[in-house]
Each structure stands twice: as structure tokens, then as C-alpha cells.
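Report on the structure given below.
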Amino acid sequence: MNIADFAIDPQMLMRFALTLFVIVAVTVARRIVVHRLTPGETVLTPQKRRQIFYVRTGFNTMLALGVLMIWLGLLQNLLLSLTAVTVALVVATKELLMCISGFALRTGANSFSVGDWIRVDGIRGEVTDFNLLSTSMLELGASNGGLNYTGHRIVLPNSIFLTRPVRNERVLRHFVLHSFDIVVDPVPEAAGALDWLNRYCQARFAGFEGEARRLSASIDRKLGVDLPGPEPVVSLHTNDSAKLAFRVTLFCPHVRAEDLQRDITCALLDRLNALADKDPVRTVAVRHPA
């Protein structure tokens, strides 16, 4: 190894020498000025102490500015290098940082937890796990109002929570607002059938009315609004095929939603078929929404 390898850059040597000179010069000048302000005094008045404070502060500021001016060029190069490295690091880890930010947003806003049913970016499912980078869900299918699992496990990056709204159905607990249509051929007794269907749905609702009303009142207090229900809502409309569609909306336990839909549908069809016995030519058709 050659001795020349240990040679110091002349510019660096000059900076060190200037820095040492400035420190010594400012320190000596400060001592001289302070000594002249208090020549031989052992007890200082408040005015003298303020003067000494201002003098020392002024010299310390001069020292800091002097050293900064000496090393400013080198500091600029260092800061530019650090900035370039920081930008490159941020660009390289952009998705990772967005996932961590999405996790922080979920935690800070308490958006959902394990066991909640959520909908985000058109995907609906039950949250089974989440960590710093991703959230795992069991997908809920579109059939039967999305009450059944499809058997698919979905893993979402947490970055999606920064750009997409999250709909949390946790507020409904184990209840669900379930709507379905019963589509039949036109019947002359449509108004009577609608009235009968409303009474039948009210009778089925009586089995869980108390719990539904308590939960509905709790939701109203929590959200600060008066939501519809919890009584069943029955309406009648026509579709593009000139069929009658009896629409039923139930606020019911999600484990009973499928059974209630099947029972109500069968009961209405039996009722219409009984009325149709007088006209055997007319038939009744039913279609459940996909």
C-alpha cells in the first residue's frame, strides 16, 4: 500500500483549518468582550447578566454561521445524495409503504375486525385474518343475497383501503336486510295477493320480532338516524317481461334468510295456485333473482 493512498484532500484540509481558526477566533473575541463588560466584578447586576447573555448568544450565532458557510458546499452534496437515495428507496418500496399505510388507516379508523362482513371494490366477504400487508377474506356469493360462502379465499393488499371505500356490515351483527322477488304471471287478484303476502310475512316476522326491534333501535342510536324497519316491507311491480314481481324485504337473522325466502315463496305460490283452480288455463311461474 502506497503512502499516497493516505493523502488528504487539500480542500478538506483547508476546511478543517478554517473551521479551527473560526472557533478559536470567536472564542477569544467572546472572552475579551465579556471581560470588558465585567472588569473585575464578582457580583453581577441583572442588567450585566442580560448583556453577557446577548453577547454570548451573538458570538455563538456567528460561530455557527461561520462553520456552516465553510462546510455548506459539502453539506449540499451530501444532502443531494441522501435525497436521491431516499427518493429511490420510496419508489422501490411504494407498494409496500402503501400497504403499511392502509393497515395504519384500518387500525386508526377501526374500519373492521376479524369476523366482520365487508364489501370493498365490489368484493364481499367475511374477514378471517389481517396483518401489516394484507387482509384475508372468505368470499360470500351473489346468490341468496350473498349469504352463502363460495369456498374461495381472497387476499387483498392493504393498499386498497387507501383508494376504495369499505362498507362494514358489522352493525347488523347476525341480522341481515334480505330482499328477494317472486315473479309470477299476471293475476286478477294482485291486490288481494299482495295484502295476503303482507299478512303472511308479518306472521313469520313475529317469531323474531322482539330481537329485531331491539337491534334496530340499537342501530338507530349508534348511527344517529332512523333506518327503515324492522317490519317486513312488501311491494308489487312489473318487470320487462310483463310479469308481476312481489318484492319482499326482511330484517331477519342471516341463518334463517334462506328458509324464510323459500317458505314465503312456496306459500305465495300455493295461494295463487289455489286461486287459479277456477282457471286451469292460467299457470303461475316463479323466478328467483340471481
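The values are calculated or read from the model by the stated rules, or taken from the named source; none is laboratory data. This structure is a prediction, so every number in the text was calculated from the model and none was measured. Neighbour counts are summed over all protein chains in view; Cβ atoms, including those assigned to glycine, are modelled from backbone coordinates with ideal geometry.
All of Phe21, Phe103 fail the test of being touching a Phe, Trp or Tyr at 6+ places or on another chain (Cβ under 8 Å), modelled with pLDDT of 85 or more and either in a helix (DSSP H, G or I) or over 30 Å from Arg164 (Cα atoms) (or both), apart from Phe103.
Listed by first and then second residue, the pairs linking a residue in segment 62-75 that is modelled with pLDDT under 85 to a residue that is among the charged types (D, E, K, R), with Cβ atoms under 8 Å apart and 6 or more places separating them unless they lie on different chains, are Ile70/Arg15; Trp71/Arg15; Leu74/Arg15. Is one or more of the residues making up segment 200-220 surrounded by fewer than 16 Cβ atoms within 10 Å (Cβ to Cβ), modelled with pLDDT of 80 or more and among the acidic types (Asp, Glu)? Within segment 200-220, one or more residues are surrounded by fewer than 16 Cβ atoms within 10 Å (Cβ to Cβ), modelled with pLDDT of 80 or more and among the acidic types (Asp, Glu). Would you check which residues across segment 158-179 are at pLDDT 85 or above and crowded, with 19+ Cβ neighbours inside 10 Å and list them? Scanning segment 158-179 gives Asn158, Ser159, Phe161.
If a residue must be at pLDDT 85 or above and touching a Ser or Thr at 6+ places or on another chain (Cβ under 9 Å), how many such residues does segment 136-157 contain?
Total meeting the criteria: 9.
Do you know which residues across segment 84-95 are modelled with pLDDT under 80 and either in contact with a helix residue (DSSP H, G or I) (Cβ under 6 Å, 6 or more places away or on another chain) or assigned to a helix (DSSP H, G or I) (or both)? Ala84, Val85, Thr86, Val87, Ala88, Leu89, Val90, Val91, Ala92 - these are the residues of segment 84-95 that are modelled with pLDDT under 80 and either in contact with a helix residue (DSSP H, G or I) (Cβ under 6 Å, 6 or more places away or on another chain) or assigned to a helix (DSSP H, G or I) (or both).
Determine if segment 178-192 includes at least one residue that is closer than 30 Å to Ile123 by Cβ, aliphatic (A, V, I, L, M) and in contact with a strand residue (DSSP E or B) (Cβ under 7 Å, 6 or more places away or on another chain). There is at least one residue in segment 178-192 that is closer than 30 Å to Ile123 by Cβ, aliphatic (A, V, I, L, M) and in contact with a strand residue (DSSP E or B) (Cβ under 7 Å, 6 or more places away or on another chain). Based on what the data block shows, is Leu80 among the aliphatic types (A, V, I, L, M), at pLDDT below 80 and part of a helix (DSSP H, G or I)? So Leu80 passes the test.
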